[in-house]
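To keep things clear, I will list the structure first and then write my remarks on it.
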Amino acid sequence: GTGTPPAPGYNVEIERMILSFARSDRLRVSFGRYHTPINYWNTAFHHGQWLQTSISRPEMIQFGGRFLPVHFVGALLEGTVPAGGWNLGYKAGIGNGRGNVISRAGDAGDNNDELSYLANFFSKPDKIYGLEFGGSFLADTISSAGGAKVPEQIVNAHVAYSKETPEFIAETANVRHDVPGVGLLWSHAYYIQGAYRFPWDGRKWKPYYRFEHIGIPAADIAFATVPQLDGSTLGLRYDASLYAAMKVEYRTWTRGPGSTRDSGGFFQLSFTF
């Protein structure tokens with residue numbers, strides 16, 4: 001592994017290294033740097049843009065984004081249990097929380113001695129193949145730029161149907177901050193994405209649409225740099241082969257009440273091998 005010695009406290013710094021010990025499908029213990037299992041998209045698609053239908057991730061879980069912690073450094077327990085065909089899964093972890101730059105959660109070490117805790121539960125029932133639903137919880141403490149400590153709790157829920165006729169993903173995340181001198185504040189975000197792969201022409205064409213929203217209270221000092229969002233994405237994916245896909249998108253968005261509406265077109269060519 002690479003990295004610098006941990007600073008005083010509980011910080012651990014590991015980059016792109018995971019050590020895992022598996023007893024069975026029901027229990028695996030890992031240590032290292034992960035995509036935080038607080039969000040379905042974050043663990044289902046990782047960095048593979050060819051894997052995801054759209055060009056970009058939803059903004060609530062963008063790389064470099066600040067609403068949800070994308071990366072996590074620490075220890076993780078995970079496993080699956082058949083449970084009479086419900087196929088229940090779990091993940092539980094402890095590690096670094098957000099750093100001085102909240103978009104680098106865990107990567108460069110925590111900015112205080114408060115560890116982050118998370119739990120994730122989901123089900124993939126046999127009777128509806130392709131369906132997954134579940135929820136997650138994360139607790140942390142953020143040290144704001146002014147030095148105040150802000151307790152943070154994140155609650156996330158998702159439902160996803162990965163059969164491509166149709167494909168459907170919906171997630172919601174609520175972030176609670178206990179801001180000193182202000183009290184409890186809730187920020188929220190969600191997205192809904194639907195797609196359908198046409199049966200003709202070798203099933204190469206797949207149109208899709210996504211609506212997403214991020215709402216931040218003005219008094220939330222911990223999220224002072226997180227922009228609001230109401231946006232729509234309309235796109236078309238064309239799988240030229242088993243290993244290459246072309247995607248074209250039109251996006252339109254605003255950044256809160258009274259803001260100017262922006263729009264743009266985007267194109268991507270992605271590969272797998």
Tally, over the stretch 201-226, of residues that are out of contact with any Phe, Trp or Tyr (no Cβ under 8 Å at 6 or more places or on another chain) and open to solvent by 50 Å² or more (accessible area, probe 1.4 Å):
8
Which of the residues belonging to the stretch 180-193 are farther than 24 Å from Arg255 by Cβ and either in contact with a strand residue (DSSP E or B) (Cβ under 9 Å, 6 or more places away or on another chain) or in contact (Cβ under 8 Å) with a residue 40 or more places away in the chain (or both)?
Pro180, Leu184
Just to confirm my filter: which strands (runs of 3 or more DSSP E) fall fully inside the stretch 162-240 and include at least 2 residues that are among the aliphatic types (A, V, I, L, M)?
167-179, 183-195, 229-239
Among residues of the stretch 82-136, those that are among the polar types (S, T, N, Q), buried (at least 16 other Cβ atoms within 10 Å of the Cβ) and farther than 28 Å from Arg23 by Cα, counted:
3
What about Leu115, is it under 21 Å from Asn87 (Cβ atoms), of a type in the set (A, V, I, L, M, F, W, C) and over 15 Å from the mean Cα position of the chain (by Cα)?
no
Restricting to the stretch 233-273, what's the tally of residues that are open to solvent by less than 50 Å² (accessible area, probe 1.4 Å) and more than 22 Å from His47 (Cα to Cα)?
5
One residue is enough: does the stretch 78-98 have a residue meeting the conditions over 19 Å from Glu171 (Cα atoms) and of a type in the set (D, E, K, R)?
yes
Considering each of Ala148, Ala160 in turn, give the residue that is in contact with a strand residue (DSSP E or B) (Cβ under 9 Å, 6 or more places away or on another chain) and surrounded by fewer than 14 Cβ atoms within 10 Å (Cβ to Cβ).
Ala148
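The values are calculated or read from the model by the stated rules, or taken from the named source; none is laboratory data. Values in this document were obtained by computation on a predicted structure and should not be read as measured data. Cβ coordinates were reconstructed from backbone atoms using ideal geometry, including for glycine residues, and neighbour counts include every protein chain displayed. What goes into the accessible areas is simple: the full protein's heavy atoms, side chains included, and nothing from ligands, DNA or RNA. Shrake-Rupley method; radii C 1.70, N 1.55, O 1.52, S 1.80 Å.
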